[in-house]
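J.: Dropping the structure in here first, questions after.
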Amino acid sequence: MGGLPTSTVNGFAVDPTNTKVMYVAMRDGVFRSENAGRTWSPTGGPANAAAVTVNPMRPGEVYAATTDGAIWRSTDAGGRWDAVR
Amino acid sequence: MKRIGAGYWALLVGGGLLAAAPHAALAGSAAATPAFEHVHALVVDAGGANLWLGAHTGLFRSQDGGRSWARVAMPGGHHHDVMTIAAHPSQPETLYAGTHEAGVLKTMNAGKTWTPANTGLGGVDVHGLAIDPNTPAKLHALVRDRRAGLYRSTDMGATWVRVDDGPPGETKVLASVNIPTGMGGIFLYAGTAEGLRASPDCF
């Protein structure tokens, strides 16, 4: 259950094709788990993350929104993130 | 079957309250896109082509991967404070929005029209909405005001019944996850001010 900062979990998303893969959006960024939440790793997604979602048609495509409205996208399941807005 | 309020919300991660993230209004955003102010929710619908964003200033949709956004009109011409969005897992045009002041709103035509879906809900401040990926007629809603708690609908939001107190701490997001509990249900995950929690959904 390690790997996450001690703070509010603002957003949460699951890969619908592999429900062990989860993402959370937090003030410290976007974190990813590959074991249904037991352990987590930072993804390099944006800080002040308010929400995160997985595209069900392309599960490697993950979007995150910051509290102030910036939108980021990863096309490799959180490996690399690019700002789209 | 547990009694109401006896849900077992195991703390997976997190804990402890920290200061909220900044709520700065957007500055210098694209001219065509209104400011969101504080973002609460983001989902991709079942078709994979539309992003939906819930914010303090309303509900917004992007059809170009998040580059530009258009405000979605909601009942009464109000710009509801949209706290949570649940997308139907197989019907791209069916979505639910949980709001701070008007309960649950439902659309079955990709946001052209919305109908209230509040019968049986104990309040109108909805901070979490989860749709069961296996049985999409089943939803859970986390209500914060009046008869606060966790509510369940088994008829696509037509009626709701209170089933649990919900997780400790302010709920930020709720999701049904297709991981079998071994008791006939699946797990309900909640992102809260006190970390990430999960509970079997057989309340």
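J.: May I ask you to list the residues in the stretch A:58-80 that are touching an Asp or Glu at 6+ places or on another chain (Cβ under 8 Å) and either buried (at least 24 other Cβ atoms within 10 Å of the Cβ) or assigned to a strand (DSSP E or B) (or both)?
T.: Once the filter is applied, which keeps residues that are touching an Asp or Glu at 6+ places or on another chain (Cβ under 8 Å) and either buried (at least 24 other Cβ atoms within 10 Å of the Cβ) or assigned to a strand (DSSP E or B) (or both), the stretch A:58-80 yields A:Gly69, A:Trp72, A:Arg73, A:Ser74.
J.: Out of all the residues in the stretch B:69-79, is one or more at pLDDT below 90, touching a Phe, Trp or Tyr at 6+ places or on another chain (Cβ under 7 Å) and surrounded by fewer than 16 Cβ atoms within 10 Å (Cβ to Cβ)? Talk me through it step by step, then tell me what you get.
T.: Step one: of the stretch B:69-79, the residues at pLDDT below 90 are B:75-79.
Filter again for touching a Phe, Trp or Tyr at 6+ places or on another chain (Cβ under 7 Å), leaving B:75.
So of that shortlist, the ones also surrounded by fewer than 16 Cβ atoms within 10 Å (Cβ to Cβ) come out as B:75.
Looking for residues that are at pLDDT below 90, touching a Phe, Trp or Tyr at 6+ places or on another chain (Cβ under 7 Å) and surrounded by fewer than 16 Cβ atoms within 10 Å (Cβ to Cβ), one finds at least one in the stretch B:69-79, hence yes.
J.: Something else about it: Going through the stretch A:35-57 one residue at a time, which ones are within 9 Å of chain B (Cβ to nearest Cβ) and not in a loop (DSSP other than H, G, I, E, B)?
T.: Those that are within 9 Å of chain B (Cβ to nearest Cβ) and not in a loop (DSSP other than H, G, I, E, B): A:Ala49, A:Ala50, A:Ala51, A:Val52, A:Thr53, A:Val54.
J.: Of the residues that sit in the stretch A:14-29 and are at the interface with chain B (Cβ under 7 Å from one of its Cβ atoms) and surrounded by 18 or more Cβ atoms within 10 Å (Cβ to Cβ), which one is farthest from the chain's Cα centre (by Cα)?
T.: Here is the first cut: in the stretch A:14-29, the residues at the interface with chain B (Cβ under 7 Å from one of its Cβ atoms) are A:14, A:16, A:19, A:24, A:27.
Imposing the further condition that a residue be surrounded by 18 or more Cβ atoms within 10 Å (Cβ to Cβ) reduces the set to A:14, A:24, A:27.
Working: A:Val14: 9, A:Val24: 5, A:Arg27: 12 Å.
Once the filter is applied, the top-ranked residue is A:Arg27.
J.: So how many residues does the stretch B:123-145 have that are more than 15 Å from B:Gly191 (Cα to Cα) and in contact with an Asp or Glu (Cβ under 8 Å, 6 or more places away or on another chain)?
T.: Here is the first cut: in the stretch B:123-145, the ones more than 15 Å from B:Gly191 (Cα to Cα) are B:123-125, B:131-139, B:145.
Still in the running and in contact with an Asp or Glu (Cβ under 8 Å, 6 or more places away or on another chain): B:123-125, B:132, B:137-139, B:145.
So the count comes out to 8.
J.: Oh, and also: So which residues in the stretch B:88-124 are out of contact with any His (no Cβ under 9 Å at 6 or more places or on another chain) and β-branched (Val, Ile, Thr)? Walk me through it before giving the result.
T.: First, the residues of the stretch B:88-124 that are out of contact with any His (no Cβ under 9 Å at 6 or more places or on another chain): B:88-93, B:103-104, B:106-107, B:109-123.
B:Val104, B:Thr107, B:Thr113, B:Thr115, B:Thr119 - these are the residues of the stretch B:88-124 that are out of contact with any His (no Cβ under 9 Å at 6 or more places or on another chain) and β-branched (Val, Ile, Thr).
J.: So which strands (runs of 3 or more DSSP E) are wholly in the stretch B:84-192 and hold at least 2 residues that are without any contact (Cβ under 8 Å) to a residue 60 or more places away in the chain and of a type in the set (A, V, I, L, M, F, W, C)?
T.: Values: elements: B:95-99, B:104-107, B:126-131, B:139-143, B:149-153, B:161-164, B:171-180, B:186-192.
Of the strands (runs of 3 or more DSSP E) lying wholly inside the stretch B:84-192, those with at least 2 residues that are without any contact (Cβ under 8 Å) to a residue 60 or more places away in the chain and of a type in the set (A, V, I, L, M, F, W, C) span B:95-99, B:104-107, B:126-131, B:139-143, B:171-180, B:186-192.
J.: All but one of (1) at the interface with chain B (Cβ under 8 Å from one of its Cβ atoms); (2) assigned to a strand (DSSP E or B) hold for A:Arg32; which doesn't?
T.: Against the list (1) at the interface with chain B (Cβ under 8 Å from one of its Cβ atoms); (2) assigned to a strand (DSSP E or B), A:Arg32 comes up short only on (1).
J.: What residue, among those in the stretch B:34-68 that are out of contact with any Ser or Thr (no Cβ under 6 Å at 6 or more places or on another chain) and charged (D, E, K, R), is surrounded by the most Cβ atoms within 10 Å (Cβ to Cβ)?
T.: Ranking the candidates gives B:Asp45 first.
J.: Hey, another quick one. Could you give every pair whose Cβ atoms fall below 9 Å, whose first residue belongs to the stretch A:1-13 and is more than 7 Å from chain B (Cβ to nearest Cβ) and within 19 Å of B:Glu170 (Cβ to Cβ), and whose second residue is part of a loop (DSSP other than H, G, I, E, B) and of a type outside the set (S, T, N, Q), counting only separations of at least 6 or pairs across chains?
T.: A:Pro5/A:Arg27; A:Pro5/A:Asp28; A:Pro5/B:Gly14; A:Pro5/B:Leu18
J.: Which condition from (1) closer than 22 Å to A:Ala25 by Cβ; (2) under 11 Å from the mean Cα position of the chain (by Cα) is the one that B:Ile179 breaks?
T.: (2)
J.: Here's a follow-up. If the Cβ limit is 6 Å and pairs must be 6+ apart or interchain, which residue in the stretch A:61-75 that is at the interface with another protein chain (Cβ under 7 Å from one of its Cβ atoms) pairs with which residue that is of a type in the set (S, T, N, Q) and assigned to a strand (DSSP E or B)?
T.: A:Tyr63/A:Thr53
J.: Looking at B:Ala97, B:Ala117, can you tell me which residue is crowded, with 23+ Cβ neighbours inside 10 Å and in contact with a Lys or Arg (Cβ under 6 Å, 6 or more places away or on another chain)?
T.: Details: B:Ala97 fails: in contact with a Lys or Arg (Cβ under 6 Å, 6 or more places away or on another chain).
Going through B:Ala97, B:Ala117 in turn, just one is crowded, with 23+ Cβ neighbours inside 10 Å and in contact with a Lys or Arg (Cβ under 6 Å, 6 or more places away or on another chain): B:Ala117.
The values are calculated or read from the model by the stated rules, or taken from the named source; none is laboratory data. Owing to the predicted nature of the structure, the values given are computational and were not obtained by experimental measurement. Positions of Cβ are backbone-derived with ideal geometry, glycine not excepted, and every protein chain shown enters the neighbour counts.
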